[in-house]
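Accompanying notes for the structure given below.
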Amino acid sequence: MSHANTAFAFSDPAEPQVLAAARALAARLVADQAISRLTVNATMADHFGGSDAEGRWSVRDAHAALELAQVLFLAQATEFSPAMSSSFAAEAFTHLERLVPTQSNRSDEQIEWQQFATPPRLAWMAAKACAISAAELVLEPSAGTGMLGVWAAKAAARLALNEISPLRRECLGAVFPEATVTGFDGELIDELLTPDVGPSVVLMNPPYSHGIERGHDSRTGDRHLRSAWKRLLPGGRLVAVMPEWFELPKFLAGIAGPLSLRLNATIERGFVKQGTSISTRLLVLDKADDGTSPIIAQPGNFAELHLLIDMLPDRVSLPAGPSIGIKPALPLRLVANKTKPVPLKVHPTDAAPSILPLDFTPLEAPAPIESQVGHYLPYRPSRISIANAVSHPTPLVESVAMGSITAPVPEVVPQLPSSIIAEGILSAAQAETLIYAASAHARDLPGRFEPDDKGCALKASAEGRAYRMGYFLGDGTGAGKGRQVASVILDRWVRGERRHIWISKNEALLEDARRDWSALGGLPIDIQPLGQWKLGVPIGMREGILFVTYPTLRSGRSDATRLEQILEWAGEDFDGLIVFDEAHAMANAAGG
């Protein structure tokens, strides 16, 4: 009974524990057995090896498991379909609601990110309002555990799912293996998705008043909706579950281009089973102008809401043109195929990237110095000429004293996808940093050393080891240091060194690192924060870039520290890059 776009039948030993627990709960729903809070707790304890009181799992995990169980059940239950009658749907959803407990308590993450799963009944109605056709691309910018996406999957649509929570994102990748799954800030979904992702349907239930950058902000939902609308193809349909206080007239007035409001329905207490009595509104918008009057109503129950959805006009035909969908993911696959968390499935590329040596010519004589301006000189690579490299997009300068010292002639040639230089993704100045960093990393420091003072220092020792030379990047604001660092990692990656550690000041810089990595052809999910693994638990990522903050590095218990956790993951044969970003914040990072 399972749908071709979902993977529900068997538990993969490498999948997230919460998903394995969800499968067990889904089996109870298939058997028409009620799930109580005690049932959830017992199931979680079975799969996590202990109770929440012991720190084995959290309320967040339990909520995710219960939500996923319903998604799994709905996906494989053939009697549930986007086209089922309203009378059957009312009876079926009422019965399902009796089988699952109300979410009477909430996790800190749920409160912070306002993660209230769309009720199955409302999710079905929202999907029905979309009038989804087979094979068209549906974007869900805040996918959660897939309660909306499952209906698009059952309609045989292609899915582009975006979710900021790492736990939920892992589960989406396992549950919808044919979907493209991303982890961007939904407020910037149009800016961050690749241009090739062109959805004809957007189905969304965004966070209402909490954003990643701004924290509590009543306009968060507005920004999510606006960015998703920009991404929607002309002629497409957007259906959104928004808060009752959403200022729709203001939103409509700020939209340029064709737009038709089809439905604006206020829904009272639609999320009671999810632990909140918040009032919401269901919006249906078409990216077209045809003069049809909108339906504006406050239905008294879901039966009345269903009647309103049945009254919606047919979707307009999409403009003729080339089919636009999800382009195969950027050419570098940077997460191993069998890791934990489960790697998110992406579409295969048409061709492997062309990895070539970076083409540069050493200069026997230093490059000419341009005219001095005050105490500064215009910056230029002094000892190399990089073929086809573009100038930096903003002017770079260096002091007269620095400019009077020319760089040495490098000997090591990095390797990169050919598009990085040809398309101007790295400027000449940024590529120069890569060349000199690669040259430094190709050498060892003179002498041999062994750890001293519990590993916090090194001392010379004939029985010790050689240590690789590091590289200090001291460029100022505007040079694009994050992209420079990402390029150094990329050079090592294509050489077969596929585990790296990126240490930075705080968690907020995780998205900056992902942005710079993605700009060079990586995937955001390739960079995973250490914080998603509990202290004392082995890091379940065989390959990838581990993102660590200095505060996290300092933390620990008497029986376990984060540093020990990282060392266990790295192992004795670690040969990757260790990046100390924002190095001025490194004080006391050893945690001793």
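Values in this text are rule-based calculations from the coordinates and carry no lab data. Please read all numbers here as calculations on a predicted model, not as lab measurements. Reconstructed Cβ throughout: ideal geometry from the backbone, glycine too, with neighbour counts over all protein chains shown.
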- Which values of log₁₀ I(q)/I(0), to two decimal places, follow from the Debye formula for segment 344-501 at q = 0.10, 0.14 Å⁻¹ with a uniform point scatterer at every Cα? -0.47, -0.84
- Query: segment 494-592: D in µm²/s via Stokes-Einstein (Kirkwood Rh, Cα pairs, 37 °C, 0.692 mPa s)?
  - Reply: 236 µm²/s
- Task: In whole Hz, with x marking every Gly and Pro, tabulate ³J(HN,Hα) for segment 41-54 from phi via Karplus 6.51 cos²θ - 1.76 cosθ + 1.60, θ = phi - 60°.
- Result: 4, 5, 5, 4, 4, 4, 8, 9, x, x, 8, 5, 4, 7
- Out of Phe184, Thr477, Gln76, whose Cα points farthest toward the positive end of the dipole of the chain (charges: +1 Lys, Arg; -1 Asp, Glu; placed on Cβ)? Gln76
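Would you please report the Å³ per residue occupied by the convex hull of the alpha carbon atoms in segment 17-310?
Details: hull volume 35.8 nm³, N = 294.
Cα-based convex hull of segment 17-310, divided per residue, equals 122 Å³.
Can you give the calculated 222 nm mean residue ellipticity of the chain, where each DSSP H run of n ≥ 4 adds -39,500 (n - 2.57) and the sum is split over every residue, rounded to the nearest 500 deg cm²/dmol? Numbers along the way, then the final one.
Values: 19 runs with 182 residues, N = 592.
Only helices count here, giving -9000 deg cm²/dmol.
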- 10 Å-binned pair-distance histogram of segment 416-585 (Cα, whole percent): 9, 35, 37, 16, 2, 0
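Might you report the magnitude of the Cβ-based charge dipole of the chain about its Cα centre, with Lys and Arg at +1 and Asp and Glu at -1, to the nearest 20 debye? List each step's numbers first, then the result.
Working: 54 positive and 66 negative charges, 113 e Å.
That gives a dipole near 540 debye.
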- Task: Excluding residues fewer than 8 places away in the same chain, name every one of the aspartates and glutamates whose C-alpha is closer than 13 Å to that of Lys454.
- Result: Glu564
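If you place +1 on the Cβ of every Lys and Arg and -1 on the Cβ of every Asp and Glu, how big does the dipole about the Cα centre of segment 416-585 come out, in debye to the nearest 20?
Details: 20 positive and 24 negative charges, 21 e Å.
That gives segment 416-585 a dipole magnitude of about 100 debye.
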- Note on the structure: Between Glu398 and residues 5 or more places away or on another chain, the pairs with built amide H atoms under 5 Å apart involve Leu377, Tyr379
- Which whole-Hz ³J(HN,Hα) couplings does segment 16-32 yield from phi under the Karplus relation 6.51 cos²θ - 1.76 cosθ + 1.60, θ = phi - 60°, glycine and proline marked x? x, 4, 5, 6, 4, 5, 4, 4, 5, 5, 4, 4, 5, 5, 4, 7, 6
- With θ set to phi - 60° and the Karplus curve 6.51 cos²θ - 1.76 cosθ + 1.60, what are the ³J(HN,Hα) couplings of segment 371-383 in order, to the nearest whole Hz, using x for Gly and Pro? 5, 6, 10, x, 8, 10, 10, x, 7, 8, x, 7, 10
- Restricting segment 434-532 to trypsin sites (Lys or Arg not before Pro) in coil, as DSSP defines it, with at most 16 other Cβ within 10 Å: Arg443, Arg448, Lys454, Arg495, Lys505
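Say the cut-off is 28 Å between C-alpha atoms; which of Lys481/Lys534; Lys250/Lys481; Lys154/Lys250; Lys128/Lys534; Lys128/Lys230; Lys459/Lys481 go over it?
Details: Lys481/Lys534 30 Å; Lys250/Lys481 39 Å; Lys154/Lys250 35 Å; Lys128/Lys534 40 Å; Lys128/Lys230 22 Å; Lys459/Lys481 32 Å.
From Lys481/Lys534; Lys250/Lys481; Lys154/Lys250; Lys128/Lys534; Lys128/Lys230; Lys459/Lys481, over 28 Å: Lys481/Lys534; Lys250/Lys481; Lys154/Lys250; Lys128/Lys534; Lys459/Lys481.
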- Item | Cα extents of the chain along the three principal axes, largest first (Å) | 82, 58, 41
- Only Cα pairs under 8 Å and at least 6 apart count here; give the relative contact order of segment 416-585 as a rounded whole percent. 22 percent
- Between Ala64, Pro234, Leu305, whose Cα lies farthest towards the positive end of the dipole of segment 17-310 when Lys and Arg beta carbons carry +1 and Asp and Glu beta carbons carry -1, centred on the Cα centre? Leu305
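Taking the Cβ-Cβ separation of Ser418 and Asp512 as r and a Förster radius of 22 Å, what is the calculated FRET efficiency to the nearest 0.05?
Working: r = 26 Å, r/R0 = 1.18.
About 0.25, to the nearest 0.05.
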- Item | Positive-end residue of Asn205, Leu546, Gln565, charge dipole of the chain with Cβ unit charges | Asn205
- So, relative contact order of the chain in percent, Cα under 8 Å, 6 or more apart, is 10 percent
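Which order do the peptides 48-54, 536-542, 22-28 come out in when sorted by mean C-beta neighbours inside 10 angstrom, highest first? It would help to have the intermediate numbers written out before the result.
On the way: 48-54: 12.7, 536-542: 14.9, 22-28: 21.3.
Highest-to-lowest ranking by the protection proxy: 22-28, 536-542, 48-54.
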- Message: For Arg281, what residues show an amide H to amide H distance below 5 Å, using hydrogens built from the backbone and excluding near sequence neighbours?
- Response: Met242, Glu244, Ile267
- Near the amide H of Ile295, under 5 Å away, which other amide H atoms are found, from residues 5 or more places off or on another chain, if H is placed in the peptide plane? Leu263, Asn264
- Taking Cα atoms only, helix 428-441 is inclined relative to the longest principal axis of the chain by an angle, in degrees rounded to 10, of 70 degrees
